[in-house]
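Novice: Sharing a structure below in structure tokens format, with a few things to ask.
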Amino acid sequence: MATAYAILCPGQGGQHAAMFDVLQQDAHSAALLQQLGLSQSLHNANGVALAEVLADPALLFANRNAQALIVAAGLAAWHGLRAGLPPPSLVAGYSVGELTAYSVAGLWSPATAVALALARARCMDQCLAQVPQQGLLAVSGLLSASVRSILLQWGLFIAIETGTDAVIAGGRSENLLQAQQQLMAAGAHCTMLPVGIASHTPLMAAAQAPFAALLQEVDWQPALAPLIAGVSGQCLPNRQAAQTAILQQLTDTIDWSACLDACAERGISVALELGPGAALSRMLRERHPQIECRSLADFRSISGALRWLQGRLD
């Protein structure tokens, strides 16, 4: 029986100034980046070029740029890997990484994924006009039921479930700061994330209609690999389910714990996170230590990551 492997596609948080360096050293990855024309796309959409974004942390973590950067980097990495691999046994994406995952699974092209990332960011940023000063807060060390109770007192939401005692909370920044004090007093560890928008909460409701209209125009293709929904961890059987799930995740909690459990349930024995960053591979190792998992960030080259994965699939 062939070894079952998963590809994990990260969301925002791990971007850095050198995030494209390893990709530019691989001929296939670099070719896709050139094809995507990311610098021109950012300039057309947001008035800045890629070099400017990478040189300025404020621009690098701004939602309007970050979503496209994450998707482009993940897909460039996959473009460098895929020729030497069988189709993945499972593909999962975290937050905006679901756009990457849909392309890895073959549902739409890399160019479509990056265009949707730019459009999704724009739709989400427009929600700030209605509810300004939003954010995300990582909370760990306290059972999610207890965290939820405190969040409700401050009109906040659980944006992402990452474990039984680890969540990402979202809402108004001032309310997050108030809840943070209460959570820390209860024994939780809290970290404000460099994301200025309350993704995966009802504060993104106004983004759904314009993004739904864009999804109707997408050139959808048959899936080449099994894909799971971030909001449920369930496999997406068809285009309608995939379209519903990618729209639903704008406002609904991402159940990343269920996604990690789906890897174990489907017999995954090895997984690779496309990067940038290594948060997803760390979470998978902690929750299911029997699954061997690494991130592209662990390697000095695309070819090094490919050799490691090929060695596990032999």
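The values are calculated or read from the model by the stated rules, or taken from the named source; none is laboratory data. Worth saying up front: this structure is predicted, and the values here are computed from it rather than measured. Note that we place each Cβ from the backbone using ideal geometry, even for glycine, and neighbour counts take in every protein chain shown. Each accessible area value is taken on the protein alone, full model and side chains, heavy atoms only, with ligands, DNA and RNA left out. Shrake-Rupley method; radii C 1.70, N 1.55, O 1.52, S 1.80 Å.
Novice: Within the group THR251, THR244, which residue is surrounded by 14 or more Cβ atoms within 10 Å (Cβ to Cβ) and either free of Cβ contacts under 8 Å to residues at least 24 places away in the same chain or in contact with a Gly (Cβ under 6 Å, 6 or more places away or on another chain) (or both)?
Specialist: Sole residue among the options that is surrounded by 14 or more Cβ atoms within 10 Å (Cβ to Cβ) and either free of Cβ contacts under 8 Å to residues at least 24 places away in the same chain or in contact with a Gly (Cβ under 6 Å, 6 or more places away or on another chain) (or both): THR244.
Novice: Filter the range 188-205 down to residues that are open to solvent by 50 Å² or more (accessible area, probe 1.4 Å) and not aliphatic (A, V, I, L, M) and give me whichever is farthest from the chain's Cα centre (by Cα).
Specialist: Selected residue: HIS189.
Novice: Filter the range 292-313 for residues that are out of contact with any helix residue (DSSP H, G or I) (no Cβ under 6 Å at 6 or more places or on another chain) and without any contact (Cβ under 8 Å) to a residue 40 or more places away in the chain and give the result.
Specialist: Within the range 292-313, GLU292, ASP298, GLY304, ARG307, TRP308, GLY311 qualify.
Novice: Let me ask you something else. Anything in the range 262-284 that is open to solvent by 40 Å² or more (accessible area, probe 1.4 Å) and either farther than 20 Å from GLY304 by Cα or in contact with a Pro (Cβ under 6 Å, 6 or more places away or on another chain) (or both)? List them, or say none.
Specialist: GLU265, ARG266, GLY267
Novice: Okay, moving on. Looking at the structure I just gave you, is ALA18 surrounded by fewer than 15 Cβ atoms within 10 Å (Cβ to Cβ), on the phi < 0 side of the Ramachandran plot and within 22 Å of the chain's Cα centre (by Cα)?
Specialist: yes
Novice: Further, regarding this structure: Within the set of pairs 6 or more residues apart or between chains, which connect a residue that is of a type in the set (Ser, Thr, Tyr) inside the range 102-121 to a residue that is crowded, with 21+ Cβ neighbours inside 10 Å with Cβ atoms less than 7 Å apart?
Specialist: TYR102/ALA113; TYR102/LEU227; TYR102/ALA242; TYR102/ILE246; SER103/LEU75; SER103/PRO110; SER103/ALA113; SER109/SER103
Novice: Here is a further query. Could you count how many residues in the range 147-174 are in a helix (DSSP H, G or I), open to solvent by 20 Å² or more (accessible area, probe 1.4 Å) and in contact (Cβ under 8 Å) with a residue 40 or more places away in the chain?
Specialist: Summing the residues that are in a helix (DSSP H, G or I), open to solvent by 20 Å² or more (accessible area, probe 1.4 Å) and in contact (Cβ under 8 Å) with a residue 40 or more places away in the chain in the range 147-174 gives 2.
Novice: Residue under question is GLY106, and the condition is that it be farther than 16 Å from MET19 by Cβ and under 18 Å from the mean Cα position of the chain (by Cα); does it hold?
Specialist: Answer is yes for this residue.
Novice: Scan GLU273, GLU265, GLU286, GLU292 and give me the residue that is over 22 Å from GLU161 (Cβ atoms) and not small (Gly, Ala, Ser).
Specialist: Sole residue among the options that is over 22 Å from GLU161 (Cβ atoms) and not small (Gly, Ala, Ser): GLU292.
Novice: If you don't mind, another one. Would you point out which residue out of LEU215, LEU236, LEU177, LEU224 is closer than 22 Å to CYS9 by Cα and open to solvent by 70 Å² or more (accessible area, probe 1.4 Å)?
Specialist: LEU224
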